[in-house]
């Protein structure tokens, strides 16, 4: 019996070591993939920034590849405005929807709303773009004129596209709050709504901030849906109704026919986008960890 138990123990240990190695390989593949992509983008794009000039590249307002003039300030601002607008729409709606599903909605209504939210996550981005092109753009044109293709149309589409991420993660964070917090608050005489906003949401803020981070990443990186509705004109948008072009849209539109310095500059645009997203993620992760520590 002792010999059999030892054999089983050794077999279990061997199995656990093999599984640990598999996990290590999987994690290593993820890290190595990120490093390879990062090195490739910087190797292809960094020399072009030196050729064009950092100031001319980042602050230049003209984009004329045929004349070797590459200024991406209009696209930086368009990406920034579109992302901020999407956050202003998507974050409040997403968090309130998560609160509704986690704390207020009856079971039968949850079974309707939650699958609808999950379905939004599964819709291809090009379908969002078609919807915006055929529905949102004509409405904007009818109400405000100008053709409808605009920064406003892109903001609305991006605001809808980030909803599934924010709703799903925020709901999970809210449900992870210990039930004792809610019961203790209600026992002190506070209302259900007061408990939600003064106890539950503050306790879940690290998870909610993580949802916002992922939503911002989705908004910044979105390409196809934005291309279909934003108008793709290289100019600094002075109004929500102006046409514009984002960094990702510029890369997608011109990479197919670019060559030489033009192609290198598009990779350099990817470097700027990469640095911007990484900086934003590090900053928001810092606040997320601080919120989690509290």
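Throughout, read-outs are computed from the coordinates displayed, never taken from laboratory work. Remember, predicted model here, so these are calculated numbers, not experimental data. Counting neighbours? That spans all protein chains shown, and the Cβs are built from the backbone with ideal geometry, glycine included.
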task: Relative to the longest principal axis of the C-alpha atoms of the chain, give the angle of the C-alpha long axis of helix 107-122, reported between 0 and 90° and rounded to the nearest 10°.
output: 40
- request: Rank-order 246-253, 33-40 by packing density, defined as the average count of other C-beta atoms within 10 Å over each peptide's residues, highest first.
  value: 246-253, 33-40
- line: In degrees rounded to 10, the 0-90 angle between helix 73-99 Cα long axis and the longest Cα principal axis of the chain is 30
- prompt: Which order results if 208, 177, 229, 31 are arranged by neighbouring Cβ count within 10 Å, fewest first?
  reply: 31, 177, 208, 229
task: Determine, for each peptide in 20-27, 72-79, the mean count of other beta carbons within 10 angstrom over its residues, then list the peptides with the highest first.
output: 72-79, 20-27
query: Where does each of 44-57, 100-113, 211-224 land if you order them by average Cβ count within 10 Å, highest first?
result: 211-224, 44-57, 100-113
field: 68, 242 arranged by Cβ crowding within 10 Å, fewest neighbours leading
entry: 68, 242
statement: Rounded to the nearest 10 degrees, the helix 2-52 long axis (Cα) sits at an angle to the longest Cα principal axis of the chain of 20
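Could you tell me the relative contact order of the chain? Use alpha-carbon pairs under 8 Å, at least six residues apart, and round to a whole percent.
In percent, rounded to a whole number, it is 26.
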- line: Reduced to Cα centres, the span from region 78-153 to region 22-65 in Å works out to 31
message: Please arrange 58, 209, 119 by how many other C-beta atoms lie within 10 Å of their C-beta, fewest to most.
response: 119, 58, 209
- request: Would you work out the relative contact order for region 45-157, in percent, from Cα pairs under 8 angstrom that are 6 or more residues apart?
  value: 20
